[in-house]
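The values are calculated or read from the model by the stated rules, or taken from the named source; none is laboratory data. What you are looking at is a predicted structure, and each value in this text was computed from that prediction instead of being measured. Here Cβ is always computed from backbone atoms with ideal geometry, including for glycine, and neighbour counts include all displayed protein chains.
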Amino acid sequence: MVSIVTFAQEDHSNFESTLAIAKSQNKNVLLIFSGSDWCAPCMKLEKNVFQTEIFKTEAANNWIVFKADFPKKKANALPKEIQEQNDKLAEKYNRDGNFPFVLVIDSNGKVLGRTGFKNTTAQDYITELKSFSHSRS
């Protein structure tokens, strides 16, 4: 017997549909490049900012979050199509291969601002991310 399970995700796995959702909700996209199983600053940012309740609330109200992960351990390998998509996103938005690398982009894919790891509070990080949206011309 084969069962197909579908479930809603807060972290979207298809970038094109993420942009469409952002457009329909009039939100920007928070594009996060991470090395979830090897990048210490990525793990620290995830724990100290992205997993906090204040960030989750702010993100739900302000952005559509898309994580482009680049794990190195075989056990954490992504499906081929997801990895190819993430590689294309890195080619377009993260040519220097910075990790973590966080961008705020509009629903058309235009970069409004970029940042990376900062040893700061979740609230200060949110304030910086919000400043990118407000500074667009």
> Which residues, taken from the stretch 78-109, are part of a helix (DSSP H, G or I) and of a type in the set (Phe, Trp, Tyr)?
Replying inline: 93
> Taking the stretch 59-78 on its own, how many of its residues are polar (S, T, N, Q), surrounded by fewer than 16 Cβ atoms within 10 Å (Cβ to Cβ) and under 27 Å from residue 127 (Cβ atoms)?
Replying inline: 1
>> Against the conditions (1) closer than 17 Å to residue 118 by Cβ; (2) in contact with a Cys (Cβ under 9 Å, 6 or more places away or on another chain), where does residue 98 fall short? Just the number, please.
In response: (2)
> Residue check, residue 136 against (1) out of contact with any Phe, Trp or Tyr (no Cβ under 7 Å at 6 or more places or on another chain); (2) basic (Lys, Arg); (3) at pLDDT 95 or above, all met but one. Which one?
Replying inline: (3)
>> Just to verify a result, which residue in the stretch 79-137, among those that are within 22 Å of residue 22 (Cα to Cα) and of a type in the set (Val, Ile, Thr), is surrounded by the fewest Cβ atoms within 10 Å (Cβ to Cβ)?
In response: 127
>> Please go through the stretch 110-134 and give me each residue that is under 14 Å from the mean Cα position of the chain (by Cα) and part of a loop (DSSP other than H, G, I, E, B), ordered by number.
In response: 116, 117
> Within the stretch 24-58, can you find the residues that are assigned to a helix (DSSP H, G or I), over 26 Å from residue 77 (Cα atoms) and in contact (Cβ under 8 Å) with a residue 40 or more places away in the chain?
Replying inline: 54, 55, 58
